[in-house]
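Please treat every number below as a calculation from the coordinates, not as lab data. All values reported here derive from a predicted model rather than from experimental measurement. Note that we place each Cβ from the backbone using ideal geometry, even for glycine, and neighbour counts take in every protein chain shown.
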Amino acid sequence: SIGDNLRYANPEATDAELWAAGDGVLWSKLGTGLWTARNSADVTHASYRAVWSPGQGEAFAFGDARYGVYWNTAALTVIDGAGGILPDVVWGLWGSRIDNLYAVGSSVTPAPFGFALRFDGTTWRLVDSGSQRRVTAVDGFVQAGRTTLWLGTLGGGVLKSVQP
C-alpha cells in the first residue's frame, strides 16, 4: 500500500521526479518514464509512512520502524537511531532543503512521547516538538531565513513552532 506517500523532487522542473513509498517499497519515476524500485540486498524495507526528496535522484523514507532509509542516487543506506532515539513510527517529513529537514512521530522508549527531529545535512538531532502526544504531521515554510513549523498531534492538536 502506497497511500498518500507520494512526493516530487523539484516539482517545478519539466522532468520532475516522483517518489512513492509504502509497505515495504520505495519507488521513483522520472518524468513520463517507468517506475524504478529502489532496493538493496542489504536493507529490508519498512512500512514507510513518509517520503521526502531533496532533489533529483535522492529520497529519505521513514515509517513504522526504528530506522529509515536514504537513497543517495546510487544506493540505499540505513538511518538507524536518528537523533539518539528509537522511533516507533515516523509519520511525517518536511524540509525546505537537505540541511533543513524535519521528521516527526512517536517513540515508546524509554516512555511514550511525541518527537521532532531535525537533519542539518550531516546529523539528526532531537528538537522539542512541544508535545507528549504522538506527532502525526509536519508542514512548514521559511521566511527571511527562519523556519516556521506546524505540527499535528494525536487527538487533533496543532502546534506552531516558536522561534528563539
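Out of every Cα-Cα pair in the chain, what percent are more than 30 Å apart? Percentage above 30 Å: 12. Using C-alpha pairs under 8 Å with a sequence gap of at least 6, the mean separation divided by the residue count of segment 45-104 gives a relative contact order of 29 percent. Computed from the Cβ-Cβ distance with R0 of 35 Å, the FRET efficiency linking Ala41 to Arg125 stands at 0.70. Full extension of the segment from Arg97 to Val142, taken as 0.36 nm per residue of separation minus the current Cα-Cα distance, would add 15.2 nm. Rounded to the nearest Hz, the phi-derived 3J(HN,Hα) couplings of segment 42-57 under the Karplus curve 6.51 cos²θ - 1.76 cosθ + 1.60 (θ = phi - 60°) are 9, 10, 8, 5, 8, 8, 6, 10, 8, 9, 8, 10, x, x, 4, x, where x marks glycine and proline.
Rounded, prolate or oblate for segment 112-162? Axes are the square roots of the Cα gyration tensor eigenvalues, ordered a ≥ b ≥ c, and the cut-off for rounded is a/c under 1.5. Judged from the Cα gyration tensor, segment 112-162 comes out oblate (a/c at least 1.5, b/c at or above a/b).
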